[in-house]
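Below: one structure, written as structure tokens.
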Amino acid sequence: MSPVNNNQTKTALVTGATGLLGRQVVRAFQGLSVPTEVSSKAGWTWEVKGTGFSRADGVNVLKVDLEKAEEVERVLGDVSPQVLVHCAANRFPDKVDADPEGTRLLNVEATRTLARACASRGILLIYISTDYVFSGKPGEAPYEADAATGPTNLYGVTKLDGEKAVIEEFSKASKEGLGVVMRVPVLYGKTEEGRNEESAVNVLLDAVLKAQEGKKVKMDHWALRFPANTEDVGRVCRDVAVKYLSTSEAERTSLPRILQFSGEEQYTKYEMCQLFAEILGVPVDNIEANTEGNDPNASVQRPYDCHLSTKALKDLGIDVSTQDFAAWWRRELRAFRH
């Protein structure tokens, strides 16, 4: 086998590499997901490292406290990546409300630290953000990347502040073309050892199974969701990295700072439960559809419809195709039917 041309070998670093999305971003850069025209043209080989904390193995996933600037500086110096995909976040709205101070440290301040360090080194940073930066009022979606934001809960506020931190730090360093925001919707995909709570979609499977025990379950049938598979998001992150890194520095400044990727199939949580029950061949009698919307007294207010437009990605020539939601789940749940 001929040796790899070092000029064609790049290094990617993924924060939150042991999480639901981070694992698939790592796999995408390792070439374990679908190849695409953008990546094939570059012909690059990727070396990939991840960061984690409680589940870091010290080899492929390095233990890094992202809230400590000296640890961020150390890992960037050790790994010397060309791109960093920042997946680590407190991403569950109810947990965010329970720990606002800790969430701000991770979602905003650690993001700023990473952005500043990456900008000073000329490293491309892809910051994973959320559709919850938008208000989601009826009639407003789909949202373009430059649409007015207006988060309805603290999670959305902290992720929007993280976006601003990325853009500000790269602007200060005159490296605008290297700081990129990637907004995504609710995610689903392979969980680790059946830990369905990793995903706000996968965890609905547990609700369906719980309902079979005779327990009544109330499920939202108001907010519209456009779930995206983590494998697809990983592929898009890799293709964005290739696109931005293969663009000359002079031309890169004209590339968009904010990108959006989304599933295109619309479901409420109740409709997802119906689908899971149909696949499993079990009744949904104990699952009650809740069409009331937000409880005005609830601390977390969720948007009605935050469907994201993927136009900015399409304009870059990035493949925005998505897996068929029902077909993916039929394959995934095949074992449950036997």
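Structure notes:
- For the range 257-333 versus the range 156-182, the spacing of their alpha-carbon centroids is 27 Å.
- Heavy-atom accessible surface of the range 50-183: percent carbon and sulfur, 1.4 Å: 50 percent
- The alpha-carbon of Lys311 sits under 12 angstrom from the alpha-carbons of these aspartates and glutamates, leaving out residues fewer than 8 places away in its chain: Glu144, Asp146, Asp319.
- Angle of helix 230-245 to the longest C-alpha principal axis of the chain, folded into 0 to 90 degrees and rounded to 10: 20°.
- Measuring with a 1.4 angstrom probe and ignoring ligands and nucleic acids, Glu271 comes out at about 60 Å² accessible.
- Using θ = phi - 60° in the Karplus curve 6.51 cos²θ - 1.76 cosθ + 1.60, the 3J(HN,Hα) couplings for the range 10-23 round to 10, 10, 10, 10, 10, 7, x, 5, 9, x, 3, 7, x, 4 Hz; x is entered for Gly and Pro.
- Bridgeable aspartates and glutamates around Lys41 (alpha carbons under 13 Å apart, same-chain partners fewer than 8 residues away excluded): Asp239.
- For Cα extents along the principal axes in Å, computed directly from the structure shown, the correct entry in (i) 59, 52, 38; (ii) 59, 48, 39; (iii) 71, 43, 36 is (ii).
- Charge tally around Glu271: other residues with Cβ under 11 Å, Lys/Arg +1 each, Asp/Glu -1 each, net -1.
- Entry note, the chain: the mean residue ellipticity at 222 nm calculated from DSSP H runs of n ≥ 4, each adding -39500 (n - 2.57), is -10500 deg cm²/dmol after division by the residues and rounding to the nearest 500.
- Under 15 Å of direct C-alpha separation, and excluding same-chain neighbours fewer than eight residues apart, Lys63 reaches these aspartates and glutamates: Glu71, Glu73, Asp78.
- Relative contact order for the chain, counting Cα pairs under 8 Å that sit 6 or more residues apart, in percent: 20 percent
- Positive minus negative residues near Gly194 (Lys, Arg vs Asp, Glu; Cβ under 12 Å): -4
- Phi to ³J(HN,Hα) by Karplus 6.51 cos²θ - 1.76 cosθ + 1.60 over the range 102-111, Hz, x for Gly, Pro: x, 5, 5, 4, 7, 6, 10, 5, 5, 4
- Taking the range 155-259 and dividing mean pair separation by its residue count, relative contact order in percent (alpha carbons under 8 Å, at least six apart): 38 percent
- Remark on Thr11: its backbone amide H falls under 5 Å from those of Glu47, Gln82, Val83, a criterion applied only to residues 5 or more positions apart or on other chains, H modelled at 1.01 Å from N.
- Using θ = phi - 60° and Karplus 6.51 cos²θ - 1.76 cosθ + 1.60, couplings along the range 59-75 (whole Hz; Gly, Pro as x): 10, 8, 10, 8, 6, 9, 8, 5, 7, 10, 4, 5, 6, 5, 4, 5, 5
- Distances between placed amide hydrogens fall under 5 Å for Ala88 paired with Thr15, Gly16, all partners being 5 or more residues away or on another chain.
- With protein chains left intact and a 1.4 Å probe, residues in the chain average 45 Å² of accessible area per residue.
- For a paramagnetic label modelled on Arg74 (point 7 Å from Cα along Cα→Cβ), amide N atoms under 15 Å away are absent within the range 103-139.
- Proximity of backbone amide H atoms, modeled 1.01 Å from N, is registered between Glu288 and Val217, Lys218, Met219 at under 5 Å, excluding neighbours fewer than 5 places apart on the same chain.
- Entries in Lys10/Lys49; Lys190/Lys269; Lys68/Lys159; Lys243/Lys314; Lys49/Lys95 that, when Cα-Cα distance is taken, lie over 21 Å: Lys49/Lys95
- FRET efficiency for Ser174 and Asn294, using Cβ-Cβ distance with R0 set to 35 Å, rounded to 0.05: 0.25
- Fully extending the segment from Ser248 to Glu47 would add 70.2 nm, taking 0.36 nm per residue of separation and subtracting the current Cα-Cα distance.
- Among the trypsin sites (Lys or Arg not before Pro) found in the range 127-214, those both in a DSSP coil and sparsely packed, with 12 or fewer other Cβ atoms within 10 Å of their Cβ, are Arg195.
- Degrees between helix 269-280 axis and first principal axis of the chain (Cα, 0 to 90, nearest 10): 80 degrees
The values are calculated or read from the model by the stated rules, or taken from the named source; none is laboratory data. Because the structure is predicted, anything quoted here is derived from the model rather than measured. When we count neighbours, we look across all protein chains shown, and the Cβ atoms used for this are built from the backbone with ideal geometry, even at glycine. These area figures cover heavy atoms from the full protein model, side chains too; ligands, DNA and RNA do not enter into them. Shrake-Rupley method; radii C 1.70, N 1.55, O 1.52, S 1.80 Å.
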